[in-house]
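See below for the structure under consideration.
The values are calculated or read from the model by the stated rules, or taken from the named source; none is laboratory data. Predicted model only: the values in this text are computed from it and were never measured. Note that each Cβ is placed from the backbone with ideal geometry, even for glycine, and that neighbours are counted across all protein chains shown.
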Amino acid sequence: MNLVVLSGGTGTPKLLEGLEVIVGQERLNVIVNTADDFWYYGLYISPDIDTVIYLFSNLLDKNKYWGIRDDTFNAFEMLKLYGMPGWFHLGDRDLAMHIFRTYLLRKGYTLTAVTKYICKRLGVKANVLPMSDDHVETYVLTDIGELHIQEYLVKYRFKPKVYGITFPGIEKASATIDVLKALDEGDAIVLGPSNPINSIGPILNVKNVRSKIKERKEKDIPVIAISPIIGTKALSGPAHIFMKALGYEPTPYGIAEIYSDIISDIIIHKTDEKYANIIRRKLGIEVHLENIIMKDLDDKIRLAKKVLEIISKKSSTKQPT
Ligand code: GDP
């Protein structure tokens with residue numbers, strides 16, 4: 001079985017860890033959000049790609065879900081001494097990734113090619129795919145002005161009031177051949193428990209991605225979303241704040257509504273039963289209740305098993321075409 005997973009940099013990587021244990025990296029095609037990529041210290045930083053690569057190369061700091069485990073910060077401290085900004089931490093070993101990636105990008109290689117090469121060197125067997133080779137940014141309009149998404153998340157810890165979000169570059173971003181091929185060949189597509197607005201949202205808005213997933217769903221390929229929200233609050237980060245700001249109900253129902261044209265199934269938290277009927281009735285999406293909190297490896301494996309169980313049930317009842 002070939003799985004395609006759409007991912008941001010925190011919630012979905014946790015699920016990927018569980019999926020890796022059960023199906024192995026080789027079967028995982030991960031389409032990763034790059035709309036929060038940015039330039040910092042003259043280096044191209046791709047936070048979500050980094051987390052996914054570090055996860056699969058067993059380097060990830062799983063306490064923070066960014067950076068390399070047990071990294072030191074000597075270069076970062078020196079850079080601060082020179083007056084460089086210090087709100088986005090870069091570890092010494094992590095810096096090598098950014099220097100090397102920037103070097104290759106400046107030589108003219110695409111982000112897809114660079115990612116593939118780095119994965120090969122680090123022994124990553126999963127197919128890690130940037131959502132696009134076109135540069136997209138994310139800005140949040142707040143009561144203290146317009147902030148880059150990383151500034152909003154990391155520097156201001158999502159405290160400012162949010163009025164809107166823009167994605168400059170998204171209208172011109174096209175999907176890579178690799179992304180479309182993965183979506184075409186996947187036996188199932190998973191929209192991981194990532195922020196639906198600033199992580200999964202940009203991936204779906206890259207030209208041809210949403211329509212391709214819809215086309216696959218219409219061919220009875222299971223398309224499963226996992227809620228990043230329990231009740232009215234995200235498990236971490238500002239998903240509920242962004243949903244509210246954009247006029248969505250910040251609940252599992254709101255998540256299902258955002259994905260309603262492209263998913264066949266959604267997994268929501270076991271205590272959120274009250275949303276199940278309305279999702280089924282109003283949106284025609286199958287709902288599965290499960291513990292969706294991933295604190296340790298057992299939780300991640302349990303949720304990954306649930307995803308695979310839904311896929312195998314659907315695949316066995318699929319009508320021959
Ligand atoms: P970002 O790239 O760091 O913004 O990360 P993502 O968008 O991938 O992940 C953030 C989302 O993950 C938030 O909306 C969280 O609610 C969700 N999340 C974090 N931990 C968990 C978890 O254990 N279970 C589920 N279901 N969602 C989680």
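Of all residues in region 222-244, how many are more than 16 Å from the ligand (Cβ to nearest atom), in a loop (DSSP other than H, G, I, E, B) and in contact with a Leu (Cβ under 9 Å, 6 or more places away or on another chain)?
0
Taking the criterion of being in a strand (DSSP E or B) and out of contact with any Gly (no Cβ under 7 Å at 6 or more places or on another chain), would at least one residue in region 197-205 satisfy it?
no
Determine, yes or no, whether LEU191 is of a type in the set (A, V, I, L, M) and within 14 Å of the chain's Cα centre (by Cα).
Criteria met by LEU191.
Cβ-Cβ distance below 8 Å, separation of 6 or more or different chains: which pairs start in region 23-35 with a residue that is in contact (Cβ under 8 Å) with a residue 24 or more places away in the chain and end on one that is among the aromatic types (Phe, Trp, Tyr)?
Going by the 8 Å Cβ cut-off, the qualifying pairs are GLN25/PHE56; ALA35/PHE167.
Under 6 Å between Cβ atoms, at least 6 apart or on separate chains: pull out the pairs that start in region 292-312 with a residue that is β-branched (Val, Ile, Thr) and more than 7 Å from the ligand (Cβ to nearest atom) and end on any residue that is modelled with pLDDT of 95 or more and in a helix (DSSP H, G or I).
Here the result reads ILE301/GLY18; ILE301/VAL21, each pair linking region 292-312 to a residue that is modelled with pLDDT of 95 or more and in a helix (DSSP H, G or I).
Can you say whether LYS274 is part of a helix (DSSP H, G or I), under 22 Å from LYS314 (Cα atoms) and either modelled with pLDDT of 95 or more or within 12 Å of the ligand (Cβ to nearest atom) (or both), as far as the supplied structure shows?
For LYS274, the condition - part of a helix (DSSP H, G or I), under 22 Å from LYS314 (Cα atoms) and either modelled with pLDDT of 95 or more or within 12 Å of the ligand (Cβ to nearest atom) (or both) - is not met.
Being β-branched (Val, Ile, Thr) and touching a Leu at 6+ places or on another chain (Cβ under 8 Å) is the filter here; which residues of region 132-168 pass it?
Across region 132-168, the qualifying residues are VAL140, VAL162, ILE165, THR166.
Residues to consider are LEU104, LEU81, LEU147, LEU95; find the one that is farther than 23 Å from VAL52 by Cβ, surrounded by 17 or more Cβ atoms within 10 Å (Cβ to Cβ) and over 18 Å from the mean Cα position of the chain (by Cα).
LEU147
Among LEU147, LEU111, LEU204, which is the only one that is within 16 Å of the ligand (Cβ to nearest atom), under 22 Å from ASN29 (Cβ atoms), touching a strand residue (DSSP E or B) at 6+ places or on another chain (Cβ under 8 Å) and of a type in the set (A, V, I, L, M)?
On inspection, the qualifying residue turns out to be LEU204.
In region 220-240, is there at least one residue being in contact with an Asp or Glu (Cβ under 6 Å, 6 or more places away or on another chain), surrounded by fewer than 24 Cβ atoms within 10 Å (Cβ to Cβ) and either of a type in the set (A, V, I, L, M) or within 23 Å of SER132 (Cβ to Cβ) (or both)?
no
Checking ASP299 against (1) acidic (Asp, Glu); (2) outside any helix (DSSP H, G or I); (3) within 20 Å of the chain's Cα centre (by Cα): exactly one of these is not met. Which one?
It fails just one condition, (2).
Just the residues that are in contact with an Asp or Glu (Cβ under 8 Å, 6 or more places away or on another chain) and within 15 Å of the ligand (Cβ to nearest atom), please, taken from region 19-48.
Hits for region 19-48 are VAL32, ASN33, THR34, ALA35, ASP36, ASP37, PHE38, ILE45, SER46, PRO47, ASP48.
Give the residues of region 206-244 that are closer than 15 Å to VAL5 by Cβ, out of contact with any Gly (no Cβ under 8 Å at 6 or more places or on another chain) and among the β-branched types (Val, Ile, Thr), sorted by residue number.
Scanning region 206-244 gives VAL209, ILE213, VAL223, ILE224.
Does region 161-178 contain any residue that is over 22 Å from THR10 (Cα atoms), acidic (Asp, Glu) and either surrounded by 18 or more Cβ atoms within 10 Å (Cβ to Cβ) or modelled with pLDDT under 95 (or both)?
For region 161-178, residues over 22 Å from THR10 (Cα atoms), acidic (Asp, Glu) and either surrounded by 18 or more Cβ atoms within 10 Å (Cβ to Cβ) or modelled with pLDDT under 95 (or both): present.
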